[in-house]
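To keep things clear, I will list the structure first and then write my remarks on it.
The values are calculated or read from the model by the stated rules, or taken from the named source; none is laboratory data. Note that the structure is predicted; figures quoted are calculated from it, not measured. Note that we place each Cβ from the backbone using ideal geometry, even for glycine, and neighbour counts take in every protein chain shown. Just the protein is used for accessible areas: all its heavy atoms, side chains included, with ligands, DNA and RNA removed. Shrake-Rupley method; radii C 1.70, N 1.55, O 1.52, S 1.80 Å.
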Amino acid sequence: MNRFVCLVAAGLLAACSKTPPTPPTALETGEPGIPAPFRDVAAATGLVFEHFIGASGEHYMSEIMGSGVALFDYDLDGDLDVYLLQGKMLGDREPGESLFPPPGTHWPGNRLYRNELEPGGSLRFTDVTNESGLRFPDYGMGAAVGDFDNDGDPDLYLTNLGPNRLLRNDGNGQFSDITPGSGTADVAWGTAAGFNDYDRDGDADLFLVNYVDFGVDRNIVCTSPGGRRDYCGPQEYPPLPDRLFRNDGNGRFTDVSGAAGLADSAGPGLGLVWADFNGDGISDAYVANDGAANFLWIGGSDGTFTERGMISGTAFNMMGSPEASMGVTAGDFDGDGDEDLFMTHLFLESNTLYLNDGKASFFDATDQFRLGHGSMAMTGFGSRWFDYDNDGFLDLFVANGNVKLEESRVGQSDYPFEQPNQLFHNDGGQRFTEIGADGDVLSLLGVSRGAAFGDIDNDGDLDIVVTNNNGPARLLLNESNAANNWLQITLNGSRSNRDGTGARIALLREDMPPLWRRSHTDGSYLSASDRRVHFGLGDWSSPVALEVHWPTGTREIFSGIAPNQFIVLQEGEGQASE
Amino acid sequence: MMSLKTLSATGLALLALAGCERVELPPQPAVNLDGYPTAIHRQLAQALGRVDSRPRKAAANGRAGMLLHTYDQLLGADVYYQRAALLDPDEFRWPYLRSWVLAGLGRTDEAMQLLQTALEIEPGYSRARVRLAELQLSSGQLEQCAATLRTLIAEQSDRPEAYFLRAQLRLRMNDANAAIEDLGRTLALTGHFGGLHHAYAQAYRLAGDEAATRHHTRLAEQFADARADIPDPVMSEVLLANISTTARIERAQAYASRGDVARAETLLVEALEDDPDSLPLHVTLAGLYGGRGDFANADRHLAHAATIDPDHPRLHYSTGVARLGEQRFAEAAEAFERSLELDANNADAWAQLGLVRQIQGNQGQALEHFRTALEHDPWHRQSHWLLGRALNQAGDHETAVAHLALLRPIRDPTAPAILLDLGRAYHGSGDRDTAIAVLGEALAAAGEFGDSQSRAGANALLRRLERESSP
């Protein structure tokens, strides 16, 4: 072959970009089993929110990606309020022209619901969006919660399909949009974001994950394997780089993506979790990229990050294949003191559990812990390690919903993307068992996306708020009524950032291995969870000690703490520890 | 001779007997055909119609299952495969294919049972045994998986997938050394592919060998696009039944990459008859025609594609490639630049723009564009090649070696030319022995792929090396 033609031909073959094979979709509602101890009380408690995707028939990619939820105590009254992000009509059409017009009760824009919980009373929510200043005409994606100005109240960073927003909590029930001039403006398609003090200077910095360079003006036509019009995958659009904003401590941030080493790596990012994966006391960040190699950014003492996804074994699954990677969570599920990773994927990929050896070297242990096959028919999004039954072992919840047309259900459903959610019980750190039975809350179908976790009714166990794409938000109230004991801790940093975000806490009991948890709100999918650190204690009812490893490096022990209470630990008031 | 009456009576009796032994079939599922393109709608309607007219014919039910399977109608496929298997229990394809469907539905235990059934009927279909081992492995049934692999290897000791799976099994059993041994066997049978080196990296990570982990991680990235396909004629029949535009483009690309351009063209032209306004089809056809120097046809399809979406980055990229083929370099550069305006991450476009600049004599900009391509895709093969060649021309042979040596394991029609360039780079850098070895490989590849120009070049350089070594 003529060499010149050969070169040109090589280019042409590359031009014919291969459309990724679309695996089949299916619905498997599970076999009869143990009912999940959750009940959906959203409507009954006034949390009435219908997500609107603005379906125009054009199959804009954002229509299928969903929006997140934040659980945070914005008014500092001791209970968790709920902020839900909303989609909108794209292009120049009116909502009424949507294929799925919003219900008559629909309010455009994001909504804030204040929790009116009275001690010992029932749960009730009031929509306070208008008075809070949190109503925006955006196509909302995700929320990050953190006290970036160290004034004691939680602030918000919202990611959008379009310009993001930094919202300062003014402490009077209102928020101010301080994006212009804050240094955090970004107009790309933002997804996950998370606050963490990576440079250990006492204030919370911000990591922003961006997805792909999609726009209504460059919408690509994609089809299902059978040629029906369908949503595109991320491969159809250029991936975007993530950004790191350093908090300058004066209400402003500086984009340090380049200096920190992040700027040159683009990926279709959807999930983010900060954690110290190699135990060196410096925060690392893990970014779940959709259908591409995931990034493990290992933090250095000089404020730079080194990407070690491939070398650590967390870029691809056991077979060396990139997976869809939507939601991600990090936690010490096996009690060995390091943070293991779990992430959710597309159907036919199974979710993946990466087991940490303590040095940020990982092994895909999905099959070993029986987490593979149960997820093969599902497309997972929001997920988190959480101890729903307070037995001391971190369980898993996975919010599911297809992104591709489910061919078998066309004609049977107006919106054939729905799937049930899943709950996996951790059997003593050895394996997981799927919980759920016909007729329980997990068997409800939806196109679930975001999931935020926290003790919404302050009864000691963890509840879940799940967002559904083109559907109602659900509040899954935990009714496990287990006799197990618990403890929930709020950290107050003084040298460290005010929320103590990134601190690690070891719960110490005599003749028992420590339980390690981390203070954080990030992880899952587009969502922010309760910042209180939750410990399930099983039948342990005696006082415990807590060793706090603050983000600035100091360690303190707080002793004699009785179970079954909410406590606040103030940095500097514990006993110094080596 | 029996009378007509007796014959009729006997026939009726036989029919009644057969009726008594009739297996009960699950009812046909409701299949919604709305929204399918006309050709697929027709294909499915015909297949389902055949079952309607002959509901107890196994082949008709099986065919309906295969079509629904290929279009991801898994619930319907499950029922039709089930019906086919009940009607023809001696046919292994139905339980085998149904096992894939059920695995896709998350019903793994049933899928494994069906694979056992398929193997009882047809023990020689080793892909079923491989699949069984895969499912056993991913279910955590390690002992059963080991037994299945033992059987497989005893039957066929040259199945690379058996060794690859056994390596995965051994990794799960924390036996890194045994895994490495099996990966070596796999490599010997298949050559390099990304998953193989990923597994090597895991094994060395398990063994605590950081340097080897790093080495194989790099190779996993380098060979990320390489695959080791497992032959599966039965499943291929399902995949080939898919006549969607996307599937036909994928098949055409596979044919073209194997050099069967005529078959690729036929497939794409057929697809165009069913889907005349498909931008990917027009762009792919333009690429195919441009690649063989038929620029008039390439232009025709590009012009049509432009009427569908004038701002599609792939359209501008393909236009650039066509103009480059026609040696209309200024227009080619303009098209690549437009493509990069719309998608700056496209490594192919950067590489091609670099090639144009090189041809135009702007070596500095060419090198810059090749390097930009590699920033966007560190393993961009064409950029390593073009950059290596450009560096050779610029006299920087050592850096050229670094880029071209990465491509040394590749075996396809470009291999002779790449190896010749690598031989030149080694020669330029003073490594005579390696140059001779690589030129030998270039000659072998030139013979294999019929590249007379590279053969002549390699021979000329070898003669020169001989002259240089003689006193």
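For segment A:482-496, in order, what is each residue's ³J(HN,Hα) by Karplus, 6.51 cos²θ - 1.76 cosθ + 1.60 with θ = phi - 60°, in whole Hz (x at glycine and Pro)?
Result, ordered by residue: 5, 7, 5, 8, 7, 7, 10, 10, 10, 9, 10, x, 10, 6, 7 Hz.
Under 5 Å between amide H atoms, partner at least 5 residues away or on a different chain: which partners does A:Gly500 have, H built in plane at 1.01 Å?
Excluding prolines and chain starts, which carry no amide H, the hits are A:Gly493.
Could you tell me which residue out of A:Tyr211, A:Phe305, B:Leu86 lies farthest along the dipole of the protein assembly as shown toward its positive end? Charges go on the beta carbon: Lys and Arg +1, Asp and Glu -1, centred on the Cα centre.
B:Leu86
As a test question: what accessible area, to the nearest 10 Å², does B:Trp379 have when a 1.4 Å probe is rolled over all protein chains in place?
60 Å²
Can you tell me the orientation of helix B:452-469 relative to chain B, as the angle in degrees between its alpha-carbon axis and the longest Cα principal axis, to the nearest 10?
40 degrees
Under 1.5 on a/c is rounded, so check that first for segment B:336-471, then, if it is not, pick prolate when a/b is larger than b/c and oblate when it is not; a ≥ b ≥ c are the square roots of the alpha carbon gyration tensor eigenvalues. Before the final figure, lay out each step's value.
On the way: a/c = 2.40, a/b = 1.86, b/c = 1.29.
Since a/c reaches 1.5 and a/b is larger than b/c, the shape of segment B:336-471 is classed as prolate.
Is there a quick way to get the dipole size of the protein assembly as shown? I mean about its Cα centre, with the Cβ of Lys and Arg at +1 and of Asp and Glu at -1; what is the value in debye to the nearest 20? Write out the running numbers ahead of the final one.
Numbers: 83 positive and 147 negative charges, 924 e Å.
Charge dipole of the protein assembly as shown: 4440 debye, to the nearest 20.
Kindly sort A:Thr433, B:Thr319, A:Thr191 by accessible area of their heavy atoms, largest first, with the probe set to 1.4 Å. Kindly include the intermediate steps, with their values, before the conclusion.
Working: A:Thr433 55, B:Thr319 30, A:Thr191 0 Å².
From most exposed to least exposed: A:Thr433, B:Thr319, A:Thr191.
So what J values fall out for segment A:235-250 if you push phi through Karplus, 6.51 cos²θ - 1.76 cosθ + 1.60 with θ = phi - 60°, rounded to Hz, Gly and Pro as x?
Values, residue by residue: 5, 6, 10, x, x, 10, x, 8, 9, 10, 10, 7, 6, 8, x, 10 Hz.
Suppose every K and R has +1 on its Cβ and every D and E has -1 on its Cβ; what is the size of the dipole of segment A:135-218 about the Cα centre, in Debye to the nearest 20?
In debye, rounded to 20, segment A:135-218 gives about 420.
When you look at the Cβ of every residue in A:313-322, what mean number of other chain Cβ atoms sits within 10 Å?
Mean inter-chain Cβ contacts per residue within 10 Å come to 6.
Please label the shape of segment B:414-471 as rounded, prolate or oblate, based on the square roots a ≥ b ≥ c of the eigenvalues of the alpha-carbon gyration tensor (a/c under 1.5 means rounded; beyond that, a/b larger than b/c means prolate, else oblate). It would help to have the intermediate numbers written out before the result.
Numbers: a/c = 2.45, a/b = 1.70, b/c = 1.45.
Prolate is the answer for segment B:414-471, as a/c is 1.5 or above and a/b outweighs b/c.
Considering the dipole of the protein assembly as shown built from charges on the beta carbon (Lys and Arg +1, Asp and Glu -1) around the Cα centre, which of B:Leu115, A:Phe277, A:Asn458 is farthest to its positive end?
Of the listed residues, the answer is B:Leu115.
Go ahead and estimate [θ] at 222 nm for the protein assembly as shown from helices alone: -39,500 (n - 2.57) per DSSP H run with n ≥ 4, summed, over the residue count, rounded to 500. Provide the component values of the computation, followed by the final result.
Details: 30 runs with 382 residues, N = 1049.
That calculation yields -11500 deg cm²/dmol at 222 nm.
Cα axis of helix B:58-70 to longest principal axis of chain B: angle in degrees, 0 to 90, nearest 10?
40 degrees
Rank these by accessible area, largest first, 1.4 Å probe: B:Glu221, A:Glu131, B:Glu398.
The ordering from most to least exposed comes out as B:Glu398, A:Glu131, B:Glu221.
State the percent of C-alpha pairs, over all pairs in chain A, separated by a distance greater than 46 angstrom. Before the final figure, lay out the partial values.
Numbers: 13871 of 166753 pairs.
Tail of P(r) above 46 Å: 8 percent of Cα pairs.
Ordering B:Val101, A:Val48, A:Val216 by accessible area with a probe of 1.4 Å, largest first, what comes out?
A:Val48, A:Val216, B:Val101
Residues with beta-carbon under 10 Å from that of B:Tyr80, excluding B:Tyr80: net charge, scoring Lys, Arg +1 and Asp, Glu -1? Display every interim value, and only then the final one.
On the way: positive: B:Arg63, B:Arg83, B:Arg98; negative: B:Asp78.
Residues near B:Tyr80 contribute +2 overall.
So how much accessible area does A:Lys359 have, in Å² to the nearest 10, using a 1.4 Å probe?
150 Å²
Compute the angle between helix A:3-15 and the longest alpha-carbon principal axis of chain A, please, reported from 0 to 90 degrees and rounded to the nearest 10.
Roughly 60 degrees between the two axes.
State to the nearest 20 debye the size of the charge dipole of chain B about its Cα centre, where the only charges are +1 on K and R beta carbons and -1 on D and E beta carbons.
For chain B, the charge dipole is close to 920 debye.
State whether the protein assembly as shown is rounded, prolate or oblate according to the following rule on the C-alpha gyration tensor (a ≥ b ≥ c being the square roots of its eigenvalues): a/c under 1.5 gives rounded; otherwise a/b larger than b/c gives prolate, and the remaining case gives oblate.
Because a/c hits 1.5 or more and a/b fails to exceed b/c, the protein assembly as shown counts as oblate.
Just the accessible area for B:Glu368, please: 1.4 Å probe, Å², rounded to the nearest 10?
110 Å²
Scan around A:Asn196 for amide H atoms under 5 Å from its own, H built in the peptide plane at 1.01 Å from N, and keep only partners 5 or more places away or cross-chain.
Correct list: A:Asp205, A:Leu206, A:Phe207.
Would you kindly derive the ³J(HN,Hα) couplings of segment A:410-417 from the backbone phi angles with the Karplus curve 6.51 cos²θ - 1.76 cosθ + 1.60 (θ = phi - 60°), listing them in order in whole Hz, with x for Gly and Pro?
5, x, 8, 9, 5, 9, x, 10
How many angstrom lie between the Cα centre of segment A:499-566 and the Cα centre of segment B:70-125?
50 Å
Rolling a 1.4 Å sphere over the protein heavy atoms, what is the accessible area per residue of chain A, to the nearest Å²?
32 Å²
Quick one: net charge of A:Asp151's neighbours, Cβ under 10 Å, K/R +1, D/E -1?
Details: positive: A:Arg168, A:Arg498; negative: A:Asp147, A:Asp149, A:Asp153, A:Asp155, A:Asp170.
Cβ neighbours under 10 Å give a net charge of -3.
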